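Data first, discussion second: the structure below is written as structure tokens.
The values are calculated or read from the model by the stated rules, or taken from the named source; none is laboratory data. Quantities reported herein were computed from a predicted structural model and do not represent experimental measurements. With ideal geometry, Cβ positions are generated from the backbone for all residues, glycine too; neighbour counts draw on all protein chains shown. Areas reflect the complete protein model, heavy atoms only, side chains present, ligands, DNA and RNA absent. Shrake-Rupley method; radii C 1.70, N 1.55, O 1.52, S 1.80 Å.
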Amino acid sequence: MVLFTLGTGVGGGIIIGDLVVEGEHSHGAELGHMKIEMTNPRQCGCGRWGCLEAYASATAVVRRAREALVQSRGQSALQALDENDADLTAKRIFEAAAAGDPLARKIVEETAFYLAVGATNLMHTIDPDMVVFGGGMIAAGESFLEEIRQHVRKLAFPVPAEKTQIRYAQLGTDAGFIGAAACARQLVRTQG
């Protein structure tokens, strides 16, 4: 399985069989830093360019919305939120999209596409049974997850597009903590 954690950044994890993929240098599964755009890339918080995190993290959602607001000349309900810097959040952008705001809707749709690109890259690389999204942004709800699924169906090879389960983490925002505890348990068992 593959897990994308969606919050301030984009984290991740890969489990194959019973093993958490850590990599030779402990940098495996840095899913937020896979390259998804090389033609006109955005800079990521890591300092590199074109990373998934620069497009699909909560921070990136807000940044992209602010840029779109400048281009739209304030033709969005988000404009009032942006005037008070702290009020424009990814959560509020998703809420505005659900309420029908066209600019917010476009940002959410693009975010679903970027996450689908990331998921498809992993589906074509390791052919997981399941791709799971966790973290704070899953509060966007089932409609957001369905948008990701629709994009995956268009982007992925037919067999993985049909057979790979794409879902939200059942443990919600606690999934990372529980996973870390499971990793510690696995380490103790292998060394004990």
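FRET efficiency for ALA184 and LEU155, Cβ-Cβ distance as r, R0 = 35 Å, nearest 0.05? Let's see the in-between values first.
Numbers: r = 35 Å, r/R0 = 1.01.
Efficiency computed from Cβ-Cβ geometry: 0.50.
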(request) Please work out the FRET efficiency for the pair THR39 and THR125, using the Cβ-Cβ distance as r and a Förster radius of 22 Å; give the result to the nearest 0.05. (result) 0.55
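Run the helix sum for the chain: -39,500 (n - 2.57) per DSSP H stretch of 4+ residues, divided by residue count, reported at 222 nm to the nearest 500 deg cm²/dmol. Don't skip to the answer; put the middle values down first.
On the way: 8 runs with 96 residues, N = 192.
Rounded to the nearest 500, the figure is -15500 deg cm²/dmol.
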(request) Alpha carbons only, please: Rg and Dmax for the stretch 92-192, in angstrom. (result) 16.1, 56
(message) No solvent, one uniform scatterer per C-alpha: report log10 I(q)/I(0) for the chain via the Debye equation at q = 0.08, 0.10, 0.11, 0.15 1/Å, two decimals.
(response) -0.27, -0.42, -0.51, -0.91
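Report the equivalent ellipsoid semi-axes for the stretch 42-94 in whole Å, largest first, defined as the square roots of five times the eigenvalues of the gyration tensor built from alpha carbon atoms. Write out the running numbers ahead of the final one.
Working: eigenvalues 93, 27, 14 Å².
Computed over the stretch 42-94, the values are 22, 12, 8 Å.
For the stretch 67-107, what is the Kirkwood estimate of the hydrodynamic radius, computed as the reciprocal of the mean inverse distance between distinct Cα atoms, to one decimal in Å?
Working: mean 1/r = 0.1009 Å⁻¹.
So the Kirkwood estimate lands at 9.9 Å.
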(request) Rounded to whole Å and sorted largest first, list the principal axis extents of the Cα atoms in the stretch 31-125. (result) 42, 26, 22
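Counting heavy atoms of the protein chains only and a 1.4 Å probe, report the per residue accessible area for the chain as a whole number of Å².
In whole numbers, the chain has 56 Å² accessible per residue.
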